[in-house]
Amino acid sequence: MMWEKTTIGKHCTVTSSKRFHLSDRSDSGIPFYCSKEIIQKVNGQEITDCDYIKVEAYEEVKKKFGVPECGDLLITTRGTYGIPYLYNAEDKFYFADGNLTWLKEFDDQLNAEFLYYWILSYEGQKKIDAIAKGTAQKAVPIALIKDIELSIPDVETQKKITNILKSYDDLIANNHKQIKLLEESAQRLYKEWFIDLRFPGHENVTIVNGVPEGWKQYYLSEIVGYEIGGGWGEESVTEKCDNPAYVIRGTDLYGITHGVISEVPYRFHATSNLKSRQLIDGDIIFEVSGGSKTEGVARTALIRNTILQFLREPIMCASFCKLVRAKEKIHSQLLFDTFQYMRAFGKTGEYDKKSASSIVNYRWKDFLAQETILIPTDKLLLKYNTLSENMYQLILSKSVEIEKAKEARDRLLPKLMSGEIEV
């Protein structure tokens, strides 16, 4: 089969957004994204922290210049560049000039989805990297994107190739949706039992000072049996650091449960450091430093054998996190769910201590000493654990499925894009 050599700019309009002034920004309205938000969307992450533009400003630019439509392609072109995103029917956002390049008005010889996958391929990434300019923070000029060369088959073959690759992305998207539903169900379960106190048999239980009969309220410090700060190790083997282990950072905690597991750094550590920090089934990672102007810390992840078996090597958390281990393993799931609920509803934020540089240093000791957790009767705790652990294990299984689907797609990608595999 003959593939035609061509350029991107020959088959679509390559442009950017209309620049918005600060006066057009608002606290609500139409989401206004930079590269960071696009990368979050690509990873299936819900965007809870972004800028907005006034609805009136959006409608005005839509009328005069147009806005992205379903099937348009956006490429991050500043900082982390070369990440493609296909604008879909559910999207409604605008974007920052200079952060993203907008490809629209594709002709009938180049399929936008085919170009999306070509950009994801090794060849596409290599060609984008070759035109990046700058030192401290590289950027990809619009003018040079137009001239990027690629080889394309006929449009029907392009569609067949994208359908194969899209089947993996559809599986990934479906797993992301199921993870979100499971997370919402887990949060509802916790709230129903431990906040609203509508646990099984609650009708026949006396509540005294907010504590059901037979339940006990403990300070977190009484439930946590072991806690230690993480480490970072070395990038390569040294005389003292020769023990390999993955290091989970605060930025990796979301990915543990959302199919971005393989990006966890792999480093080398001293024997004593790894021994005291190696994560085991039931351990919780708690972020105690980092954050930003708008987002505090206290992100968490519960380590289960599913993750340990997937990574196949020892795991520890990074320096800005804590390894938290319950005195009794039976309390691990409930302790994790309590952390999750407290963060979701702003309780953990009361212990944020922001520095002048906006870095958050968590008041960890105060948090453990002042906050409490309700522990139900043994019978109810076992019932709760069965329900909550099953949901969390499903979340982790879906996360691993996402990783495996991405790996399978990425193995096929270069072979399909080069014509090595005919369709």
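A simple spin-label model places pseudo-atoms 7 Å from Cα toward Cβ; at Ala270 and Leu189 they are separated by 4.2 nm. Once the C-beta distance of Ile207 and Leu381 is scaled by a Förster radius of 25 Å, the resulting FRET efficiency is 0.90 to the nearest 0.05. Across Gln217, Gln278, Gln333, mean-square fluctuation computed from a Gaussian network of the chain (C-alpha pairs under 10 Å connected) peaks at Gln217. Taking one quarter of the surface of the C-alpha convex hull of the chain gives a mean projected area of 24.6 nm². For the range 273-423, a Kirkwood hydrodynamic radius built from all Cα pairs, placed in the Stokes-Einstein relation at 10 °C and 1.306 mPa s, yields a translational diffusion coefficient of 89 µm²/s.
Inverting the pair-averaged 1/r between distinct Cα atoms of the range 1-147 gives 16.0 Å as its Kirkwood hydrodynamic radius. The magnitude of the dipole of the range 260-317, with charges of +1 and -1 set on the Cβ of Lys/Arg and Asp/Glu and taken from the Cα centre, is near 120 debye.
Take the Cα of Gln45, step 7 Å toward its Cβ, do the same at Ser418, and the gap between the two points is 3.2 nm. For the range 70-188, taking the reciprocal of the average inverse distance between every pair of different Cα atoms yields a Kirkwood hydrodynamic radius of 16.0 Å. Counting only cysteine Cβ atoms and a cutoff under 4.7 Å, the chain contains unmatched residues Cys12, Cys34, Cys50, Cys70, Cys241. To the nearest ten degrees, helix 378-417 and the longest principal axis of the Cα atoms of the chain are 20 degrees apart. Of the solvent-accessible surface of the chain, computed with a 1.4 Å probe over protein heavy atoms with every protein chain present, carbon and sulfur atoms account for 49 percent. Here the calculated FRET efficiency for Glu69 and Thr251, from their Cβ-Cβ distance with R0 = 41 Å, stands at 0.80, rounded to the nearest 0.05. Taking a straight Cα-Cα cut-off under 27 Å and skipping sequence neighbours fewer than 8 places away in the same chain, the lysines within cross-link reach of Lys275 are Lys240, Lys322, Lys327, Lys329, Lys365.
Counting every pair of alpha carbons in the range 298-341, the share spaced more than 13 Å apart comes to 61 percent. About its Cα centre, the dipole of the chain is roughly 700 debye, where the only charges are +1 on Lys and Arg Cβ and -1 on Asp and Glu Cβ. By the helix-only formula, in which each DSSP H run with n ≥ 4 contributes -39500 (n - 2.57) and the sum is divided by residues, the chain has a 222 nm mean residue ellipticity of -12000 deg cm²/dmol. At 7 Å along Cα-to-Cβ for each site, give me the label-to-label distance between Lys133 and Gln278 in nm. If labels sit at Lys133 and Gln278, their model points lie 5.2 nm apart. Over the range 127-220, the fraction of Cα-Cα pairs per 10 Å bin, rounded to whole percents and listed from the shortest bin up, is 11, 18, 17, 16, 11, 13, 12, 2. Placing a label point 7 Å from the Cα of Asp242 along the Cα-to-Cβ direction, the residues of the range 299-333 whose backbone N falls under 19 Å of that point are 314.
Applying the Karplus relation 6.51 cos²θ - 1.76 cosθ + 1.60 with θ = phi - 60° to the range 306-317 yields 3J(HN,Hα) values of 3, 6, 4, 6, 5, 7, 6, 10, x, 10, 9, 9 Hz, where x marks Gly and Pro.
Look at the dipole of the range 183-331 built from charges on Cβ: of Gln217, His202, Ile303, the Cα furthest out on the positive end belongs to Gln217.
The values are calculated or read from the model by the stated rules, or taken from the named source; none is laboratory data. These numbers come from a predicted model, not from an experiment. Cβ: placed from backbone, ideal geometry, glycine included. Neighbour counts: every protein chain shown. Accessible surface areas use protein heavy atoms only, side chains included; no ligands, DNA or RNA. Shrake-Rupley method; radii C 1.70, N 1.55, O 1.52, S 1.80 Å.
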